[in-house]
Amino acid sequence: MSVLTRDEAQTRARLLDVHRYTIDLDLTTGDDTFDSRTVIRFTVRADQDDTDTFFEVKPAELRSVTLDGQPLDPETLDENRLPLKNLAPGEHELRVDAAMRYSRTGEGMHRFTDPTDGETYLYTQLFMDDVQRVFAAFDQPDLKAVFDLSVQAPEGWSVLANGITEHLGDGRWKAATTPLISTYLVAVAAGPWHSVRTEHRGLPFGIHCRRSLAPYLDVDTDELFEITRQCYDRYHEKFEEPYPFDSYDQAFVPEFNAGAMENPGLVTFRDDFVYRSAVTDTERQTRAMVIAHEMAHMWFGDLVTLRWWDDIWLNESFAEYMGYQTLTEATRFTDTWTEFGVARKAWGYDADQRPSTHPVAPDPDAVPDTASALLNFDGISYAKGASALRQLVTWLGEKDFLAGINTHFARHRFANATLADFIDSLASGTDRDVHAWADAWLRTTGVDTLTPTVAPGDDGTCT
């Protein structure tokens, strides 16, 4: 299956402006596939010599494709790419009708049937390039668009999405239009969820899990909402940009193949975090840290998104640092940096001493495609990067650090940014040489070493 290269993404980003996706999913067509209909509105720029490009989709069956009302041959689909040839400058409308396969391994639209009560749950995990398993897309992080989503679900189900969802009747659901987000951040979760809802500062908050876990979730609902409120309030003290989405749902989903995912407005967590028995306070602290980490992504990752996957550390190092720091400042878990030093930092040290080590911020040429980008999800991008940021905050002072962060949000809100953009924003708020710091700490590999120097003193003794 074709992976997207950085060069291809840059070429396509120079050619296209993608404006809006209108997506209609039908989840009532059987246990193996669901229907996916997508309309993409985009513009081709007039100053490009080569106007050939492609979109991505990974269907079970590609029924039809039309461009500006003219049919394209579905047989031209090559693995996951369908070419678009000789595009004229100006506005275009692409329509794609396909049947898509459910996943049982966590990519795309995952389908799970609870052995306890036989209820079925669906949720998306679209990170990197798995959006193509759910709907057709120009799938790269710097082609942001707004998304309109409708879902046909079985009666008795509820549907969660990036925005507030409305039940229109007869199993039909519609989500509020998103602001500009990247394709990999679109999220849907459907099923007979057990949901607990509240409001905080005028914003709807929700916590969700499968029904069989309801008694266990209900025991911890107060704690989960309290941690969420405390982190939310503390981020608003730090960040001048308010929370950028219309709601904040947290869904604990089954068979999740990650710890959590920062989908705007709908964070998904593995439902191991719904504790079925007595647990230690350290385990509760870990869960709280993940909540704080994912909320930090709403600003750094979702509001401002990396341009290409070489800058994944910008997402993860920042959220790692902010998660630990904010939990320490805002909640009862005031010694989280001790846990970081004992557990997370060792993860980073271990990764940094292997032959496969890489800089916190790798050279763009070191991440030539989406496949190579996956290799960087390790202790370096998370723990070492967070350690470097903690050192940076100490060196700059928190006031200047936050001034730089807020400049970064203001400059790149609902857009994309690079390491160079981030460093320029930090430099705008301080006289210190942040560019030299980045070269020394983010562009190098390996742990620090201390080498003693023995020299004779004036009296002939060694010092």
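The values are calculated or read from the model by the stated rules, or taken from the named source; none is laboratory data. In this text the structure is predicted, and so the values were computed from the model without any measurement. So basically every Cβ, Gly included, is an ideal-geometry build from the backbone, and we count neighbours across all protein chains shown. Keep in mind that these areas ignore ligands, DNA and RNA; they rest on the heavy atoms of the full protein, side chains included. Shrake-Rupley method; radii C 1.70, N 1.55, O 1.52, S 1.80 Å.
A few comments on the model shown:
- Difference of contour (0.36 nm per residue) and Cα-Cα distance, A420 to A278: 46.5 nm
- When a 1.4 Å probe is rolled over the protein heavy atoms, the share of accessible surface on the chain that falls to carbon and sulfur comes to 48 percent.
- Residues whose amide H falls under 5 Å from that of R63, counting only those 5 or more places apart or on a different chain, are D97, A98, A99, with hydrogens built in the peptide plane.
- The overall shape of the range 304-443 is oblate: from the C-alpha gyration tensor, with semi-axes ordered a ≥ b ≥ c, the ratio a/c is 1.5 or greater and a/b is no larger than b/c.
- Among the listed pairs K144/K345; K174/K238; K238/K345; K144/K399; K58/K85, those beyond 28 Å (Cα-Cα): K144/K345; K174/K238; K144/K399
- FRET efficiency for the pair R432 and E237, taken as 1/(1 + (r/R0)^6) with r the Cβ-Cβ distance and R0 = 25 Å, rounds to 0.55.
- Gyration tensor (alpha-carbon) shape descriptor, the range 195-268, a/c threshold 1.5: prolate
- Each of E255, E339 has its accessible area taken with a 1.4 Å probe; listed largest first, they run E255, E339.
- Sparse-neighbour loop sites [GluC sites (Glu not before Pro); the range 1-94; at most 11 other C-beta within 10 Å; DSSP]: E79
- When the Cα gyration tensor is reduced to axis lengths a ≥ b ≥ c, the ratio a/c is 1.5 or higher for the chain, and with a/b not above b/c it is classed as oblate.
- Extension gain, K399 back to R14 (0.36 nm per residue minus Cα-Cα distance, nm): 134.9 nm
- Normalised by the number of residues in the range 304-443, the mean separation of alpha-carbon contacts (under 8 Å, six or more apart) gives a relative contact order of 34 percent.
- Relative contact order, whole percent, for the chain stands at 12, derived from Cα pairs under 8 Å and 6 or more residues apart.
- Taking 0.36 nm per residue of sequence separation and removing the Cα-Cα distance, the E199/E255 pair yields an extension gain of 17.3 nm.
- With DNA, RNA and ligands ignored, accessible area of D335 (1.4 Å probe; Å², nearest 10): 90 Å²
- Solvent-accessible area of T444, all protein chains in place: 60 Å² (probe radius 1.4 Å, heavy atoms, ligands and nucleic acids excluded).
- For the range 175-213, backbone nitrogen atoms closer than 13 Å to the point 7 Å from V219 Cα along Cα-to-C-beta are found at 213.
- Under the span-like rule (Cα at least 15 Å along the axis, Kyte-Doolittle mean at least 0.5), DSSP H helices of the chain: 385-396
- Modelled FRET efficiency - R0 22 Å, Q70 with E91, Cβ distances, 0.05 increments: 0.90
- FRET efficiency estimate (nearest 0.05) - Cβ-Cβ, T451 to A410, R0 45 angstrom: 0.55
- Qualifying trypsin sites (Lys or Arg not before Pro) in the range 191-255, DSSP loop, other Cβ atoms within 10 Å at most 16: R201
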